[in-house]
1. Can you give me the relative contact order of chain B as a percent, contacts being Cα pairs under 8 Å and 6 or more apart?
2. Nearest to the axis that maps chain B onto chain A: list the chain B residue whose Cβ wins, with the distance in whole angstrom.
3. What translational diffusion coefficient, to the nearest whole µm²/s, does chain B have by Stokes-Einstein, given a Kirkwood radius computed over alpha-carbon pairs, a temperature of 25 °C and 0.890 mPa s viscosity?
4. Treat every Asp and Glu Cβ in chain A as -1 and every Lys and Arg Cβ as +1, leave all other atoms uncharged, and give the resulting dipole magnitude about the Cα centre to the nearest 20 debye.
5. Average partner chain C-beta neighbours within 10 Å, per residue of B:27-34?
6. Across peptide A:3-9, how many C-beta atoms of other chains are within 10 Å of each residue C-beta, on average?
7. Provide a whole-number value for the mean count of partner chain Cβ atoms within 10 Å of the Cβ atoms in peptide B:53-62.
8. As a test of the definition: which semi-axes, in Å, follow for region A:50-118 when you take the square root of five times each eigenvalue of its alpha carbon gyration tensor? Largest first, please.
Protein chains: 2
Amino acid sequence: MEYDVYVQTCPTRLVLDRLADKWAVLVLGKLDGQPVRFNQLKREIDGISQKVLSQILKKLERDGLVSRSVFATVPVTVEYAITPLGRTLTSTVAALTRWAEDNIEAVLAAQQKYDRSA
Amino acid sequence: MEYDVYVQTCPTRLVLDRLADKWAVLVLGKLDGQPVRFNQLKREIDGISQKVLSQILKKLERDGLVSRSVFATVPVTVEYAITPLGRTLTSTVAALTRWAEDNIEAVLAAQQKYDRSA
DNA sequence: CTGGATCCACAATGATACTG
DNA sequence: CAGTATCATTGTGGATCCAG
């Protein structure tokens, strides 16, 4: 079977839709390493709302990239962790955020130059 | 200066917003190699609308990732090409689409398993 | 603590038509 | 060919309140 992201009906487009999401990238980056609890994620990912975070986590879990573990403490504890499949993604994802941090100045400079000439 | 994508006000978030876009990923992937004309891009990126394509190209150009060249032919010819800065991104971007194509089956399987247990 | 449900405002997109 | 302009529609996210 041949897959090609450039074909609209190809299922790989579904994966791209999921990956090509700012929040998903940040969540995967935070989970790479140790399991993290819901509110801890919410605190560490500045600007994400509770609604969006729970949606993203559910999607990532459905895709098999993230696992969800419930502990019957009081109050309940829920830990999210990356799966083996998800771990094959984190290096790529990390490269993305690293690129952003490394090249932001060049991008900002390009934007200013563009805006001046416009 | 320290940058951190996990801080909401950090400019690197702008970069992530741009990169974390399905269409931007596909466009950059297509431009990696030779310059491509507008309608050729539109044809090769299945499902993208003319409006969205022109928007994405303008943003990528503003970010300094893509260059736009106009040739005074009749009718006019416009070629889009990747810039040196953009080229530093393509390997990461290519890794993303490759991951999607390589792991789609595992993802689809995970989704089916998830849906059955739900 | 971990979310689900709701309401609402705004951004994004498709379709269509038109221009240089 | 390579776009821009407009409109109508949808979706997406934020804010808030509530519950197990």
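1. That works out to 22 percent.
2. Per the Cβ-to-axis criterion, the result reads B:20, 3.
3. Here the translational diffusion coefficient equals 151 µm²/s.
4. Magnitude of the dipole: close to 400 debye.
5. For this peptide, the per-residue mean of nearby foreign Cβ atoms is 0.
6. 6
7. Mean inter-chain Cβ contacts per residue within 10 Å come to 1.
8. With the √(5λ) rule applied to region A:50-118, the semi-axes are 38, 16, 11 Å.
Computed from the coordinates by the stated procedures, all read-outs in this text should not be read as laboratory data. Small disclaimer: the values here were computed from a predicted structure and weren't measured. When we count neighbours, we look across all protein chains shown, and the Cβ atoms used for this are built from the backbone with ideal geometry, even at glycine.
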